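Just so it is clear, none of the values below were taken in a lab; they were calculated from the coordinates. None of these values were measured; they are calculated from a predicted model. Note that we place each Cβ from the backbone using ideal geometry, even for glycine, and neighbour counts take in every protein chain shown.
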Amino acid sequence: MTWILPEGACLDLEGIPGPVHVLHGLGGGTQGQVFEVEVASERLALKWYLPACIARDPHLERRLGESIRATTPSDAFLWPLALVKPAPGTVPLLRSRDPGFGYLMELRPPGFVGAHEHVGGHLAISLLQVLRASFFLAEAFHALHLKGLCYKDISLGNLFLDPSSGRILICDNDNVDVDGRDLGAVLGTPGFMAPEILMGLARPGANSDLFSLAVLIFRLLTRHDPLRGRRELAIRCLDEPARRRLYGEDPLFIFDPVDPSNRPDPIEHAAALITWPIYPEPIKQLFEQTFGAGLQAPQQRALTGQWMTALAVALDQRQLCAHCGQETFPAPSDPGPLCWSCGCPLPHPARLKLPHGLVTAAAGNALYAHHFDRLLPLQLKAPLAQVEAHPIHATLLGLRNLSGQTWRAELSNGNRMAVEPGQACNLAPLVRLTTPAGAVELQS
């Protein structure tokens, strides 16, 4: 690749005190190229736009400036930090007659992997972390929309996952705009674009974001496209007219509850058929809502808050199969649930009863502030406690206090004990935990 900024160069940029050292190129696309740079001993990323991109999108500089002034909606976004242009006298260093401009942002931390690696089946990641990543994605768009903004072009290409925690990062935030305002040339990415955008009936906004969000969550959970089933196999060449039929003119959800004509093929679309039964009905219903009536009626698409609630509840009811060890998500009300993987009956698990919710006692499940106070927002980043398996006897479970405050445990033999911050208590003899946030009772 020929880099538009010379690697090893020192650039003087307007508004940046001191030189910007271009260390090396990180990658590029149709909009521009991204470099790792050093600014005042700090490593950052610099995206520099190609002249053709600036010509296609005359409002790009204005949108970037507004985004920088608005600050990031959440830490899930690699948000623009500063708009930069060459200072006078530095143009000859740039390999373009019209050097244009770019912006600085944080570097993507190590450990984050492109979401396409997971969808392609190349990433080792648990269902726990996939569901957490889906929650964090919905949470990020919830924060974005609360600020009156829309993303317009979210896809697998600008989503990164940390497989060890489920945390996400969203890059390429230069397409973000005020919802309802049409200042950009970007419409979206095929396969993630809402039907009304693809057909030219509307411009991108929060409602089309909701469609793209549902596509992304579906692809994270099933590793498959929600609209590509048997109809796709009847197409000889998946050219532009064929894509318009599949995604815009006559889209049909592969798991539409009424019309089965676009079901996944058992051979070509096996991942969708394997993964769909794993997830609880409330999550499936949100997909049916968005890819059913929501295909033609944008106002009927599932909202970010609905996704957050359904995903958080699924995580609360996560259970490990005693026979094969797979993660399952049976609801407390399910009569005689079976493991989706091995088909064995799932035993009735112990559950932690909280002031607002039930959490299955399974290693990896956690308690959060919203379990104690329904007025607090849903969030999965600061657990107050976590269920852990004994390092030697995996069937023995404990609850570790992560709250920073002392808890009081009442045991089945009548004894009481203090559970200090960082300590874990055995769940087997536990009857009740008293915490400053509220009580926790063990239901066998």
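What is the gain in length, in nm to one decimal, between Q405 and R236 on full extension, counting 0.36 nm per residue of separation less the C-alpha to C-alpha distance? Mind showing how you got there, number by number?
Details: separation 169, 0.36 × 169 = 60.84 nm, distance 6.35 nm.
Net length gain for the segment: 54.5 nm.
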How high is the relative contact order of the range 350-443, given as a whole-number percent (alpha carbon pairs under 8 Å, six or more residues apart)? 26
Nearest-20 debye value, the chain charge dipole, Cβ charges on Lys, Arg, Asp, Glu: 520
Over the Cα atoms, compute the radius of gyration (one decimal) and Dmax (the largest Cα-Cα distance, rounded to a whole number) for the range 258-314, in Å. 12.8, 35
Between (1) 1.02; (2) 0.96; (3) 1.05, which matches Rg/Rh (Cα atoms, Kirkwood Rh) calculated for the structure shown? (1)
Roughly how tilted is helix 304-316, in degrees to the nearest 10 and between 0 and 90, from the longest Cα axis of the chain? 40
What FRET efficiency comes out for D12 versus K147 if R0 is 51 angstrom and r is the Cβ-Cβ distance? Round to the nearest 0.05. 0.95
Longest principal axis of the chain (C-alpha) makes with the long axis of helix 60-70 (C-alpha) an angle, in degrees to the nearest 10, of 40
Give the Kirkwood hydrodynamic radius (Å, one decimal) of the range 113-309, defined as one over the mean of 1/r across all pairs of different Cα atoms. 16.9
Between S412 and H323, the FRET efficiency computed from the C-beta separation at R0 = 25 Å comes out, to the nearest 0.05, as 0.35
For R181 and A350, calculate 0.36 nm times their separation in residues minus their Cα-Cα distance, and state this gained length in nm to one decimal. 55.7 nm
In the range 1-30, which residues have a backbone nitrogen under 16 Å from the label point lying 7 Å from T189's Cα in the Cα-to-Cβ direction? 27-30
If one takes the longest principal axis of the Cα atoms in the chain, at what angle in degrees, from 0 to 90 and to the nearest 10, does the Cα axis of helix 281-290 lie? 30
Express in nm, to one decimal, how much length is gained between W3 and S126 on full extension, taking 0.36 nm for each residue of separation and deducting their alpha carbon distance. 40.5 nm
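Which order results if H323, H21, H118 are arranged by neighbouring Cβ count within 10 Å, fewest first? Display every interim value, and only then the final one.
Numbers: H323 14, H21 17, H118 22.
If I rank by nearby Cβ atoms, fewest first, I get H323, H21, H118.
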Residues meeting the amide H criterion for F77 (H placed from the backbone, H to H distance under 5 Å, 5 or more places apart or on another chain) are I170
Along the charge dipole of the range 1-130, which of H21, G100, G8 sits closest to the positive end, that is, farthest toward it, with unit charges on the beta carbon of Lys, Arg, Asp and Glu (+1, +1, -1, -1)? G100
Please state the relative contact order of the chain as a whole percent: Cα pairs under 8 Å, 6+ residues apart? 9
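Under a point-charge model restricted to the Cβ atoms of Lys and Arg (+1) and Asp and Glu (-1), what is the dipole moment magnitude of the range 113-309 relative to its Cα centre, in debye to the nearest 20?
Using only the charged Cβ atoms, the result is roughly 200 debye.
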Residues A55 and L396, FRET efficiency given R0 of 56 Å [Cβ-Cβ distance, rounded to 0.05]: 0.30
Near the amide H of L123, under 5 Å away, which other amide H atoms are found, from residues 5 or more places off or on another chain, if H is placed in the peptide plane? none
